[in-house]
Amino acid sequence: MPSSTLLPLRRLSVAAAAAFLFSGCELLEFSPSDFRGPESQTNLTQKNLDRLAEHPLPAGDTLRFVFTGDSQRFYDQAESLVESVNQQPGLSLMVVAGDISDFGLAREMRWVDKRLRKLNIPYLTVIGNHDHVGNGRAAYQHIFGPLNYSFVYGDTKFIMVDTNSREYNFNGRIPDLPWVQQQVSDLQGAKRQVVMSHVPPQDLDFDQNLMPDYTRMLAEAPKLAFELNGHRHDFSIGEPFGDGVTYINSYAFEENQYVILTLWNDADDKPQFRLKKVQF
């Protein structure tokens, strides 16, 4: 065949391939680092806090909430978890202890949100180490919000901390100890407080140079009920540092279990809690 007839065929082949690829553009992500998406799936932390504020808990009332973690790629389990949580009475919110995504992709975070927004209650998160992968940190901030934040609901202050030290190459600034100290020192009118992060301080992914000061701050924190973590994909509870602080680690979604925590203060105004495991 003459070469003059080959060139149009090559051009046609390239054009056809491009047409095929872009005809299914809803399946093609331009860049894995692109976190653009619908406005409804941005600033989710504040949106869920606003939802929480619409249903205030009267002073003195017991707080009952779901604690779970590490949703990652377990989308089928997320749907089953939502169905189970929606059947539980008296809940105010759910907290997810990080690793919302597996590869730090905005698309993963939105997939998880698509399922969790079917909850009857608001949900709030901390950032996990997998959420830092690639452009994940920026994606998390765009879709959810701040990496460190706190809020008061009813008589309880929640302090949500980025403890993914390894993802910052153990630079000595994560967790942000001055911020943690400021937060645990000021109850903002609450009668008890809860600290939640992804990586527990006894884990080697937590900066061990900062671990002594972090655990000391928690041991000295007034009215601290417990510290919550994810990362390890399994449940545990105890006082690993022998300082009176209870550390609770969450199940991952893949374990088909979650925890319900009930919080109140006793007659001496000391925080008390009850823990219930739920299998779904």
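The values are calculated or read from the model by the stated rules, or taken from the named source; none is laboratory data. Given the structure is predicted, the values throughout are model-derived calculations rather than measurements. So basically every Cβ, Gly included, is an ideal-geometry build from the backbone, and we count neighbours across all protein chains shown. Areas reflect the complete protein model, heavy atoms only, side chains present, ligands, DNA and RNA absent. Shrake-Rupley method; radii C 1.70, N 1.55, O 1.52, S 1.80 Å.
Amide H neighbours of GLN272 under 5 Å, counting only residues 5+ apart in sequence or on other chains, H built in-plane at 1.01 Å?
TRP264, ASN265, ASP266
Between SER80 and ALA138, how many nm apart are label points set 7 Å from Cα along the C-beta direction?
That separation, rounded to one decimal, is 3.7 nm.
Compute the Cα gyration tensor for the chain, then decide on rounded, prolate or oblate, letting a ≥ b ≥ c be the square roots of its eigenvalues: rounded whenever a/c is under 1.5, prolate when a/b is larger than b/c in the other cases, and oblate in all that remain.
Prolate.
Under DSSP H, which helices of the chain have Cα atoms covering 27 Å or more of the helix axis and a Kyte-Doolittle average no less than 0.0?
The answer, listed by residue number, is 3-23.
Can you tell which of ALA267, ALA252, ALA53 shows the greatest fluctuation in a Gaussian network model of the chain with Cα springs below 10 Å?
ALA267
Give the carbon-plus-sulfur fraction of the accessible surface of the chain in %, rounded to a whole number; probe 1.4 Å, heavy atoms of protein chains only.
52
Name the long-range amide H neighbours of ASP155: under 5 Å, sequence gap of 5 or more, or other chain; modelled H, no Pro or chain starts.
Residues meeting the criterion, in which the H sits 1.01 Å from N, are GLY60.
Based on DSSP H runs of at least 4 residues, each adding -39500 (n - 2.57), what is the mean residue ellipticity at 222 nm of the chain after dividing by all its residues, to the nearest 500 deg cm²/dmol?
It lands at -8500 deg cm²/dmol.
Evaluate the charge dipole of the chain about its Cα centre and quote only its size in Debye, nearest 20, assuming +1 on the Cβ of each Lys and Arg and -1 on the Cβ of each Asp and Glu.
740
Over the chain, with a Gaussian network built from C-alpha contacts below 10 Å, which listed residue (GLN77, GLN183, GLN88) shows the highest mean-square fluctuation?
Of the options given, GLN88 has the highest mean-square fluctuation.
I want to check the label-to-label distance for GLN279 and LEU204. Put each point 7 Å from Cα in the C-beta direction and report it in nm to one decimal.
It is 3.3 nm.
In nm, give the distance between the simple-model label positions of GLU254 and ASP176, each being 7 Å from the Cα along the Cα-to-Cβ direction.
Each label point lies 7 Å from its Cα, and together they span 3.2 nm.
Count the net charge of all other residues whose Cβ sits under 9 Å from the Cβ of ASN129, scoring Lys and Arg as +1 and Asp and Glu as -1.
-3
Is the shape of the stretch 137-280 best called rounded, prolate or oblate, per the rule: a/c under 1.5 gives rounded, else a/b larger than b/c gives prolate, else oblate, with a ≥ b ≥ c the square roots of the Cα gyration tensor eigenvalues?
Here the stretch 137-280 falls in the rounded category.
Over what distance in Å are the Cα centres of the stretch 137-164 and the stretch 31-93 separated?
Each part reduced to its Cα centre gives a spacing of 13 Å.
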